[in-house]
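Data block below; observations after.
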Amino acid sequence: MLTVNRYKCGYCGACVGVCPTGALELVETWIEVNDDCTRCGRCTSICPLGALELIREAKA
Amino acid sequence: MRCDLVVVGAGPAGSMTAKAAAEAGLKVVMLEKRQEIGDPVRCAEGVSKAPLKKLVDPDPAWISAEVKGARIRAPDGTEIVISEDRAGAEVGYVLERKVFDRALAQKAAEAGAEVMVKTRALRLLWEGGVPAGVYAQFVGEKFKIEAPLVIGADGVESKVGRWAGIDTALKPEDIETCAQFLVQDEKVDEDYCEFCLGNQIAPGGYVWSFPKGRGIANVGIGVLGSKADPGMPMRLLREFVKERFPDGKVLEVVVGGVPVSGPIERTVADGIILVGDAARQSDPITGGGIINAMNAGMMAGEIAADLVPKGEMDSGSLQIYEKRWRETIGKHISRNFAVKEFFVDLTDDDLNHLIHSLDGIDVAEMNLRGLLKVLVRQNPKHLLKLRHLLG
């Protein structure tokens, strides 16, 4: 899943601008991720602060 | 509530739209999702003098510094210096965006526009298959704003276009990812804007230093998204500042993404117009977006004032906006996009070679276009591809 480290995030919205599915939203001082996220990872390398990370989900 | 025009976003694009439309008699509501207009800043704050003066009377309250010129530095340290008059065509004032943005919003308000801060547009309101306003939220409370035309001035993270089916998603090669420090240091150049090129210091972008007043400057970096890894702008900026201003103090941190896609396929849909960064109208070479955004906003506001009373808000009628901005600011944006596409893949050797080729040539009075023309003349083989772009 895509995680946003709120302690790193500078709430600039660059990640929102590159998201191909419109899954991200900049609200006040944080980024919200909705179910449309395909975990493509495009946003992770765009973040100027490296606040976004794709974490492999543990299989149940 | 009901109005003639909803403007989403109160940056320079939104405020100019709202001001122009309200002055022409429309009932305008402008929404800003943040509590404070203009803050946090996501900008290097440089703006060209003459075009700004055409749009608004400069007020000392929102000008941090006036520059004498620009220095462009090659990867090997070779520098060229361009004097104020001409460099001013690219960067002449360094603004205080927090003050500037609010002053523009105030002008919109004075013209009669309603301004609602801390109010976020959640989605479009649809009626009979066409947009008919927005759902908005203010301090947790949701409400409808009905309007026949919605202007998306919602910046790099724009949603208005996407809601209306316009694909504004930026590809990694179409965005500069940026970080900036407001640096206090006696070594800061208070008179010149500086642009440092090099694949080591700023892959596919540049490092800048824009004076902001006595002993302070916006020192920032833009890295092309396709050449970036997570957190790269911040990492490279810290390295640059540590080396260049070892005793420098950082008074502010700014981050942001700048569209460098060139003109996108469409910026209108039924009942929708996009302006400024939301329409990806920033300059692909310099990254500057304020002037284009203000011009586009003014066009959109005037066109809205003309079409809304006639009930002509379909995408066909709104083509007049597409045509107007593409024939004016769009030409410059297209050309600079092509030039940028060429420059981002140059090696450091190429960049050094280009700057060296200007040795002995007086470039002091040249603007960016003039400079590029001389570069083509001096490097005909190298820059063959560029020649046709410059005319």
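The values are calculated or read from the model by the stated rules, or taken from the named source; none is laboratory data. Remember, predicted model here, so these are calculated numbers, not experimental data. Here the Cβ positions follow ideal geometry from the backbone for every residue, glycine too, while neighbour counts run over all protein chains shown.
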From B:369, B:280, B:387, which residue is at pLDDT 90 or above and either of a type in the set (Lys, Arg) or touching a His at 6+ places or on another chain (Cβ under 9 Å) (or both)?
B:280
Output yes when any residue across region B:286-306 is part of a strand (DSSP E or B) and within 14 Å of another protein chain (Cβ to nearest Cβ), and no when none is.
no
Among what's in region B:122-173 and is of a type in the set (A, V, I, L, M), facing another protein chain (nearest Cβ under 10 Å) and in contact (Cβ under 8 Å) with a residue 60 or more places away in the chain, pick the residue that is farthest from residue B:289 (Cα to Cα).
B:170
Please give the number of the condition residue B:182 fails out of (1) out of contact with any helix residue (DSSP H, G or I) (no Cβ under 8 Å at 6 or more places or on another chain); (2) assigned to a loop (DSSP other than H, G, I, E, B).
(2)
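Residue under question is residue B:314, and the condition is that it be within 21 Å of residue B:155 (Cα to Cα), part of a loop (DSSP other than H, G, I, E, B), at pLDDT 90 or above and in the same structural domain as residue B:104 (by TED's automatic domain parsing); does it hold?
The answer is no for residue B:314.
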Inspect all residues belonging to region B:21-28 and state whether any of them is over 20 Å from the mean Cα position of the chain (by Cα) and more than 29 Å from residue B:300 (Cβ to Cβ).
no
Scope region B:177-212; condition under 22 Å from residue B:349 (Cα atoms) and not small (Gly, Ala, Ser); matching residues
B:194, B:195, B:196, B:197, B:199, B:200, B:201, B:203, B:206, B:207, B:208
Quick check, is residue B:177 in contact with a helix residue (DSSP H, G or I) (Cβ under 8 Å, 6 or more places away or on another chain), part of a strand (DSSP E or B) and of a type in the set (S, T, N, Q)?
yes
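Only one of B:245, B:342 is among the aromatic types (Phe, Trp, Tyr) and either within 14 Å of chain A (Cβ to nearest Cβ) or surrounded by fewer than 20 Cβ atoms within 10 Å (Cβ to Cβ) (or both). Can you tell me which?
Exactly one residue qualifies, and that residue is B:342.
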Test each condition in (1) within 26 Å of residue B:41 (Cβ to Cβ); (2) in contact with a Cys (Cβ under 9 Å, 6 or more places away or on another chain); (3) surrounded by 13 or more Cβ atoms within 10 Å (Cβ to Cβ) for residue A:22 and report the one that comes out false.
(2)
Scan region B:70-85 and give yes if some residue there is closer than 30 Å to residue B:145 by Cβ, out of contact with any Lys or Arg (no Cβ under 7 Å at 6 or more places or on another chain), among the small types (Gly, Ala, Ser) and modelled with pLDDT of 95 or more, otherwise no.
no
Just for region B:316-337: of the residues that are of a type in the set (S, T, N, Q) and surrounded by fewer than 19 Cβ atoms within 10 Å (Cβ to Cβ), which one is farthest from residue B:18 (Cα to Cα)?
B:334
So, residue B:228, is that one surrounded by 20 or more Cβ atoms within 10 Å (Cβ to Cβ), among the small types (Gly, Ala, Ser), farther than 24 Å from residue B:199 by Cα and in contact (Cβ under 8 Å) with a residue 40 or more places away in the chain or not?
no
Restricting region B:115-140 to residues that are under 20 Å from residue A:26 (Cβ atoms) and of a type in the set (D, E, K, R), the residue that is surrounded by the most Cβ atoms within 10 Å (Cβ to Cβ):
B:120
Which condition number does residue B:202 fail, the rest of (1) within 14 Å of chain A (Cβ to nearest Cβ); (2) among the hydrophobic types (A, V, I, L, M, F, W, C); (3) surrounded by fewer than 23 Cβ atoms within 10 Å (Cβ to Cβ) being met?
(3)
Got a sec? Which strands (runs of 3 or more DSSP E) wholly within chain A have at least 3 residues that are within 11 Å of another protein chain (Cβ to nearest Cβ)?
A:24-27, A:52-54
